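The values are calculated or read from the model by the stated rules, or taken from the named source; none is laboratory data. Worth saying up front: this structure is predicted, and the values here are computed from it rather than measured. Cβ sites come from the backbone with ideal geometry, for glycine too, and all protein chains shown count toward neighbours. With ligands, DNA and RNA removed, areas are computed over all heavy atoms of the protein, side chains included. Shrake-Rupley method; radii C 1.70, N 1.55, O 1.52, S 1.80 Å.
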Amino acid sequence: MALAITNENYESLMASGKPVVIDFWAEWCGPCRMVGPIIDELAEEYGEQVVIGKCDVDSCDDIVAQYRVRNIPTIVFIKGGEVVDKVVGATSKDTLKSKIDAML
């Protein structure tokens, strides 16, 4: 299961030194509900190698603004504190896996 990324735990997750994948989503977003289970599967598959989490855009304005998220779902790939890739819209598990593998 993917972590719930909030304003409270964001800094500590980013300080972990691991690659980070953030799925920006909302409960009311249909495409987000399609991507959500894929994100959960990836979180289980990659375990401790990568921090994989979901950030609810309705409750984390600061994080949403920091990454300039305008559409959801938006999935951001972060390595060394820098955004190295981004996917906007629903996408396949294979696409997400290839982007995560590129960070490892």
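Dipole check for the chain: with +1 at the C-beta of Lys and Arg, -1 at the C-beta of Asp and Glu, and the Cα centre as origin, the magnitude is about 380 Debye. Length gained on full extension, residue 26 to residue 67: 13.2 nm, using 0.36 nm per residue less the C-alpha separation.
Between the beta carbons of residue 104 and residue 1, assuming R0 = 22 Å, the FRET efficiency works out to 0.60 to the nearest 0.05. Using a probe of 1.4 angstrom and keeping all protein chains present, the accessible surface of the chain works out to 54 square angstrom per residue. Go through [x] 0.91; [y] 1.36; [z] 1.09 and flag the label whose value is the computed Rg/Rh (Cα atoms, Kirkwood Rh) for this structure. Recomputing Rg/Rh (Cα atoms, Kirkwood Rh) here gives the entry labelled [x]. Surface composition of the chain: carbon plus sulfur atoms hold 50% of the accessible area, using a 1.4 angstrom probe and ignoring ligands, DNA and RNA. Cross-link partners for residue 99 among the aspartates and glutamates, with Cα-Cα distance under 19 Å and sequence neighbours closer than 8 places in the same chain left out: 23, 40, 41, 44, 45, 48, 82, 85.
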